[in-house]
1. Could you let me know the centre-to-centre spacing of region 293-327 and region 232-273, using Cα atoms, in angstrom?
2. Output the relative contact order of region 147-247, whole-number percent, from Cα pairs under 8 angstrom with separation of 6+ residues.
3. Expressed in nm to one decimal, what extension gain is obtained for the pair SER92 and GLU140 from 0.36 nm per residue of sequence separation less their Cα-Cα distance?
4. In Å², what does the accessible area per residue of region 196-327 work out to with a 1.4 Å probe?
5. At a Förster distance of 35 Å, what's the computed FRET efficiency of ASP112 paired with LYS160, Cβ-Cβ distance as r, to 0.05?
6. What does the extension gain come out to for LYS215 and ASN177, with contour length at 0.36 nm per residue minus their alpha carbon separation?
7. Going down the list LYS98/LYS235; LYS268/LYS299; LYS198/LYS233; LYS113/LYS298, which pairs span over 29 Å between their C-alpha atoms?
8. Tell me the Rg and the Dmax, in Å, that the Cα atoms of region 72-227 produce.
Amino acid sequence: MKTSWRSASLAATAVSVLALTTACGQDNSTTPSSAAQNVGATAPATSGGVGTGTGTGTGTGTGAGNGYGADGQQSSASPAAVEPAGKLTVASNPDLGKVLNDGAGLTLYRFDKDTANPPKSNCEGDCATTWPPVPADDAEAGAGIDKSLLGEVTRPDGTKQLTIGGWPAYRYAKDVNAGDVNGQGVGGKWFALAPDGKKATLSALPGLSVRKDAKLGDIIVDKNGMTVYRFIKDKAWPKPVSNCTGACLEKWPAVAEVNANDTKGVEKKGLMGFARTDNGEKQMTVDCWPIYTFSGDKKAGDTNGQGVGGTWYAVSPTGKLVGAPSK
């Protein structure tokens, strides 16, 4: 009886390993054997263009070392005088569609760490210097804006901040000219406001879909049209493991779990979420590899993270690295 029980246990273990291999078994040839430690923060979020292997670049992406776009420090600019919202307007942006502007034509933004129901701002201190809250006092709905969506929330300092559809509204200190959208996608948490309070986008994209890039070919993008990347120091077998934590994760925000049915053009094999070991949050995988966006990508279609540090690459619809050098 003992022998029979041990044989059955070994058989069950073998079946379990086989099932896991079928779900997440990979050809790890694209991952160097030396890739084991967390060295994902190999380049500042301000890196742009195709990576040179040193993590430097020439782009103008707005970094988010502390999660809100101040490049890890308090904004060097002096705090600007509080400007009234004025008569809000709707502008057409070629990449984002309809975008909400203030009376001076400056883009208004929302913050993913805020809440709309009930309205609450979680941007204070240095964050509010980089992202000045829009006063609610004289805000007026212009053409194409439902005035019933305009509201206000009381900030900790007692001032009234404008809300759109419940979402607190902000300007971005690095937007200088009317129509600038330099704050779009900063830190994977800041997005231009649409007139209805939602994130501005040309279309309602699935959680993950495929975009044809002129240089890289077919690559995966998230629901905001932002390019999705893989870190070659991660692992996919026998289970997904992210080796991007801490400062790395601020520069390369993890893509949250997406329902497999909310995808288009992405291979279903190994398409699932897993619980990160550092914070317990669910991260999405493609072909069992953890996926990320890049805080240096300012708008949909940017690929400033491609090749950064020789460790970050866009992802093909099958989950493979795009443009990575062969080993």
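The values are calculated or read from the model by the stated rules, or taken from the named source; none is laboratory data. Quantities reported herein were computed from a predicted structural model and do not represent experimental measurements. Heads up, the Cβs are rebuilt from the backbone with ideal geometry, glycines too, and the neighbour counts pull from every protein chain shown. With ligands, DNA and RNA removed, areas are computed over all heavy atoms of the protein, side chains included. Shrake-Rupley method; radii C 1.70, N 1.55, O 1.52, S 1.80 Å.
1. 13
2. It comes to 12 percent, rounded to a whole number.
3. Between SER92 and GLU140, full extension yields 15.4 nm more.
4. Here the per-residue accessible area is 41 Å².
5. Calculated transfer efficiency: 0.95.
6. Additional length available on full extension: 10.7 nm.
7. Table pairs above 29 Å Cα-Cα are LYS98/LYS235; LYS198/LYS233.
8. Final numbers for Rg and Dmax: 15.7, 51 Å.
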